[in-house]
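One structure is given below, encoded as structure tokens.
The values are calculated or read from the model by the stated rules, or taken from the named source; none is laboratory data. Everything quoted here is computed from the prediction, not taken from an experiment. Using ideal geometry, Cβ is built from the backbone for each residue, glycine included, and neighbour counts are taken over all protein chains shown.
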Amino acid sequence: MNAEQMTTVLLHHGFIIFASLWLIPLLPFVGFLVNGVFGARLPKWLVTAVGLLAPLGSFVVVLIDAYAAWSGVTLPVAEELALNHRAIDWISVGSLHIDFTLVLDQLSLVMLLVVTGVGFLIHIYSVGYMHGDPGYARYFSYLNLFLFFMTTLVLAGNVLVMFVGWEGVGLASYLLIGFWFQKKTAADAGKKAFVVNRIGDFGFLIGIFLLLANFGTLTFSEISAKLTASPAAIDAGVLTAICLCLLFGATGKSAQLPLYIWLPDAMEGPTPVSALIHAATMVTAGVYMIARTHVLFDHAPKALALVGIVGAATALFAATIALVQNDIKRVLAYSTISQLGYMFLACGVAAYSAGIFHLVTHAFFKALLFLAAGSIIHAMGGEQDLRKMGGLRKRLPVTFWTMTIAVFTIAGCPLLAAFFSKDAILYAAFLHGASGRILWFIGLMTALLTSFYMFRLWYLAFLGELRSEQHPHHATPLSMLVPLVILALLSIGGGWIGIERISAYLSPSTGALPTSAESNPHLELNLSLLAVAFAVVGWFFADWLYRRRPARATQLASAVPAAYQLLANKYYVDEFYGAMFVKPLLATSKYVLGWVIDVAILGGIAWLLAGVASLAGMILQRWQSGNLRSYAAWLALGAAAVLLFVLLHGTGFTFATALRH
Amino acid sequence: MTFLHHDVPLSWYLLLSAVLFSLGVVGFLIKRNLITVFLSIELMLNAVNLSFVTFAYQWQAVKGQIFVFFVMMVAAAEAAVGLAIIIAVFRARATLSVDRIDLMKL
């Protein structure tokens, strides 16, 4: 029996997959428990070992799954690999039955490879980055907790299990943003992220209820089957409502308009956290969710169009803000929002696999960008202001070269990863009719801006002369350099899979790419060249403003002060939301709920009850005279009253009957 | 066994019991001397005993007689404890008037 046959036999026994599917989330959970409960008392090397082995174990299990799926056995959709029959009976009330199902299919496998793979690299990086932090064990337990929930989210076989993971990653995100909770800005940022995400989750939850009410099931495969079998069975309006609710949930988690505001503030967390949770994995959950429920969106074209519009608008909007930010992590945060917009744009033109493709490459290059930025911050002793950097090229050579690769990748340099995925999205948008052309053009403009702000960051950080007294003094440890190099290699080669191969592979899960009569390789090549040209223009502008004549940038800013202020203050959206929602809500809470309802009504009722009771006490206390004979008199009176009652309403019970029995 | 004459009707015994009980109640309520109050309680207990034995005889049931023994036993114990308390109270307050023993009032 050769290895391949053996794998097949084991697969058909369902043994490997069954065991391993549960292991994927379980291992990080064990890591979370060990480090969370005993971490403070364990030696540091043991904390590190537990913190690293958990994600490594998950990654290895995923690799085994990938090998099993790849060797001989083609991945079937849901049924055979899903092991629905092994699922745990979770909720069973009346006619409602929900299993705790884990499903491994093409989509979740790709996603898992990214989550556990990039996750493991960032765990390694964290060992170096967090080495001196007093909360070292707490940090790793949170990070493992995040992986537990993220893998649950990805493996979920129904919407409710996904929601559990969805909420869980929100919790982990909150804990890690506010990791340095002694710092007020960090604690506030954590709260903001949590609250804004709850708003989105509200939409998601309503969507789940609507799904349950109209489909009677929450299992992805059953929903798809039902909708494909009889598309007219569900009212189109209801479908659109469901999709809009799901989209609202996705905008919260994936930081899209109008709920993107928490992500820039989330940069208060440690930089590896920004890389893992707020760039590579968690924030892509919204895209994953839309791809997972794509059958619903396919039957609700209006909602799908809105997905594209939200994506394109967010991509452009966030890119313009990124142009003028001075905090290196904020630039990357807005860049993340913008790139997530691309993924939504792809979903909006029904090119889900292109969105997932960009998700994968983005996980590589954005994690790399953040980790490189973290390396700079680490070396600069916590400095994040681009204006105080400069000339780091010679001092941090590995960081410089890996960052350079990442910058060229995100800018869309040909043959690097993002070039393929971004072009796949733009091409799919271009083929999507007249509305698609508009989305395509917005995407193209965003590509120009992306190139500009990334090269701006690059010039400010690495070229020229150091612009502060703060000399880079920390040596970058090997544990931080290795992930940088691996991610750089992935950022170069990650796109060579190509959109054709990945969409063919993903098609059982996400459907095939939409076909168009206009599609031809010539057009695709020309569009690619156009995108590259736009990126070069962006680079040229950055070069002109920040390398050749650095003074020009400030001149330009002061030439159009209104525009500059608008961008620098992020379109005043936070202020607008503050005045529009936060202040009125706070006022309502304080005055209406706090004073009127709580103090006046509820408090009034409580005081009234207390008053009645004490008044009754004041009257009744006269009885307690202390005179023994008065007590005896009341006793006798009471006995007489009872006797009288029995005589008048005789129950037939007398001493005579008592003695007789 | 003729220690109870059959020409004395049952109601007479019960009436006597009721009269004795009422005397006990009234004595308990109007007397101020603690010892008299205590005696009134004994009177009530014995009134009840009388009705018990009456009914026991009437229905030829031994349960009623057993009750009486229990009551007498408890009364004896109560007398011992009660008199001890009365002596203790007198030593502490130099009075036996129940109206002046009003510590239960706050």
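Across the range A:219-266, which residue is nearest to A:MET289 (Cα to Cα) among those that are at pLDDT below 90 and not in a helix (DSSP H, G or I)?
The extreme case among them is A:THR219.
Based on this model, can you work out whether B:ILE41 counts as within 12 Å of chain A (Cβ to nearest Cβ), modelled with pLDDT of 90 or more and surrounded by fewer than 16 Cβ atoms within 10 Å (Cβ to Cβ)?
Values: within 12 Å of chain A (Cβ to nearest Cβ): yes; modelled with pLDDT of 90 or more: yes; surrounded by fewer than 16 Cβ atoms within 10 Å (Cβ to Cβ): no.
For B:ILE41, the condition - within 12 Å of chain A (Cβ to nearest Cβ), modelled with pLDDT of 90 or more and surrounded by fewer than 16 Cβ atoms within 10 Å (Cβ to Cβ) - is not met.
Has the range A:363-376 got at least one residue that is part of a loop (DSSP other than H, G, I, E, B) and surrounded by 24 or more Cβ atoms within 10 Å (Cβ to Cβ)?
Kept after step one, since they are part of a loop (DSSP other than H, G, I, E, B), are these residues of the range A:363-376: none.
Taking every residue of the range A:363-376 in turn, none turns out to be part of a loop (DSSP other than H, G, I, E, B) and surrounded by 24 or more Cβ atoms within 10 Å (Cβ to Cβ).
Checking the structure you have, find out if any residue of the range A:642-655 is facing another protein chain (nearest Cβ under 8 Å) and modelled with pLDDT under 85. Can you show your working first?
Here is the first cut: in the range A:642-655, the ones facing another protein chain (nearest Cβ under 8 Å) are A:655.
Then drop every residue that is not modelled with pLDDT under 85, which leaves A:655.
Yes, the conditions are met somewhere in the range A:642-655.
(1) under 30 Å from the mean Cα position of the chain (by Cα); (2) of a type outside the set (Lys, Arg); (3) surrounded by fewer than 17 Cβ atoms within 10 Å (Cβ to Cβ): which one isn't true of A:GLY464, the others all being true?
(1)
Among the numbered criteria (1) of a type in the set (Asp, Glu); (2) surrounded by 14 or more Cβ atoms within 10 Å (Cβ to Cβ); (3) within 14 Å of chain A (Cβ to nearest Cβ), which one does B:GLU78 miss?
Status for B:GLU78: all satisfied but (3).
Regarding B:LEU10, is this residue within 20 Å of A:SER630 (Cβ to Cβ) and either at pLDDT below 90 or β-branched (Val, Ile, Thr) (or both)? Before the answer, list the steps.
Numbers: within 20 Å of A:SER630 (Cβ to Cβ): no; either at pLDDT below 90 or β-branched (Val, Ile, Thr) (or both): yes.
So B:LEU10 does not fit the description; no.
In the range A:491-508, what residues are of a type in the set (Gly, Ala, Ser) and under 25 Å from the mean Cα position of the chain (by Cα)?
Kept after step one, since they are of a type in the set (Gly, Ala, Ser), are these residues of the range A:491-508: A:491, A:493-495, A:498, A:503-504, A:507.
Within the range A:491-508, A:SER491, A:GLY494, A:GLY495, A:SER503, A:SER507 qualify.
Quickly run through the range A:87-131 and pick out the residues that are charged (D, E, K, R) and in a loop (DSSP other than H, G, I, E, B). It would help to see each step written out before you state the result.
Quick first cut of the range A:87-131, residues charged (D, E, K, R) only: A:89, A:99, A:105.
Answer for the range A:87-131, where residues must be charged (D, E, K, R) and in a loop (DSSP other than H, G, I, E, B): just A:ASP105.
When you check A:SER108 against the structure, is it more than 22 Å from A:MET282 (Cβ to Cβ) and either modelled with pLDDT of 85 or more or among the hydroxyl-bearing types (Ser, Thr, Tyr) (or both), yes or no?
Working: more than 22 Å from A:MET282 (Cβ to Cβ): no; either modelled with pLDDT of 85 or more or among the hydroxyl-bearing types (Ser, Thr, Tyr) (or both): yes.
The answer is no for A:SER108.
Please find, among A:TYR453, A:TYR459, the residue that is among the aromatic types (Phe, Trp, Tyr), under 27 Å from A:LEU567 (Cα atoms) and within 25 Å of the chain's Cα centre (by Cα). I'd like the intermediate steps shown before the answer.
Details: A:TYR459 fails: within 25 Å of the chain's Cα centre (by Cα).
Being among the aromatic types (Phe, Trp, Tyr), under 27 Å from A:LEU567 (Cα atoms) and within 25 Å of the chain's Cα centre (by Cα) holds for just one of A:TYR453, A:TYR459, which is A:TYR453.
Against the condition more than 13 Å from chain A (Cβ to nearest Cβ) and of a type outside the set (A, V, I, L, M, F, W, C), how does B:ASN33 come out, does it pass? Can you show your working first?
Details: more than 13 Å from chain A (Cβ to nearest Cβ): no; of a type outside the set (A, V, I, L, M, F, W, C): yes.
For B:ASN33, the condition - more than 13 Å from chain A (Cβ to nearest Cβ) and of a type outside the set (A, V, I, L, M, F, W, C) - is not met.
Among the numbered criteria (1) farther than 22 Å from A:LEU637 by Cβ; (2) in contact with a helix residue (DSSP H, G or I) (Cβ under 9 Å, 6 or more places away or on another chain); (3) in a helix (DSSP H, G or I), which single criterion is violated by B:VAL26?
(1)
Need the failing condition index for A:LEU155 against (1) out of contact with any Leu (no Cβ under 6 Å at 6 or more places or on another chain); (2) more than 24 Å from A:ALA305 (Cα to Cα), just the number.
Failing condition for A:LEU155: (1).
Among B:VAL48, B:VAL25, B:VAL71, which is touching a residue at least 24 places away in the same chain (Cβ under 8 Å), within 12 Å of chain A (Cβ to nearest Cβ) and out of contact with any Phe, Trp or Tyr (no Cβ under 6 Å at 6 or more places or on another chain)? Lay out the reasoning, then the answer.
Values: B:VAL25 fails: touching a residue at least 24 places away in the same chain (Cβ under 8 Å); B:VAL71 fails: within 12 Å of chain A (Cβ to nearest Cβ).
None of the others qualify; the one that does is B:VAL48.
Using the structure shown, decide if A:VAL407 is buried (at least 22 other Cβ atoms within 10 Å of the Cβ), more than 22 Å from the chain's Cα centre (by Cα) and either free of Cβ contacts under 8 Å to residues at least 60 places away in the same chain or assigned to a helix (DSSP H, G or I) (or both). Steps first, answer last, please.
Numbers: buried (at least 22 other Cβ atoms within 10 Å of the Cβ): yes; more than 22 Å from the chain's Cα centre (by Cα): yes; either free of Cβ contacts under 8 Å to residues at least 60 places away in the same chain or assigned to a helix (DSSP H, G or I) (or both): yes.
Yes.
Quick check on A:LEU81: is it surrounded by 20 or more Cβ atoms within 10 Å (Cβ to Cβ), part of a helix (DSSP H, G or I), at pLDDT below 80 and of a type outside the set (Lys, Arg)? Step through it out loud before you land on a result.
Working: surrounded by 20 or more Cβ atoms within 10 Å (Cβ to Cβ): yes; part of a helix (DSSP H, G or I): yes; at pLDDT below 80: yes; of a type outside the set (Lys, Arg): yes.
Yes; evaluated as a whole, the condition is true for this residue.
So how many residues does the range A:537-561 have that are at pLDDT below 85, of a type in the set (A, V, I, L, M) and assigned to a helix (DSSP H, G or I)?
Number satisfying all stated conditions: 5.
For the subset of the range B:53-106 comprising residues that are of a type in the set (A, V, I, L, M) and not in a helix (DSSP H, G or I), which member is farthest from the chain's Cα centre (by Cα)? Reasoning before the result, please.
Step one: of the range B:53-106, the residues of a type in the set (A, V, I, L, M) are B:53, B:56, B:61-62, B:66, B:68, B:71-77, B:79-81, B:83-89, B:92, B:94, B:96, B:98, B:101, B:103-104, B:106.
Of the ones still in play, those that are also not in a helix (DSSP H, G or I) are B:61-62, B:94, B:96, B:101, B:103-104, B:106.
Values: B:ALA61: 23, B:VAL62: 21, B:ALA94: 26, B:LEU96: 20, B:ILE101: 22, B:LEU103: 25, B:MET104: 24, B:LEU106: 30 Å.
So, considering only residues that are of a type in the set (A, V, I, L, M) and not in a helix (DSSP H, G or I), the one farthest from the chain's Cα centre (by Cα) is B:LEU106.
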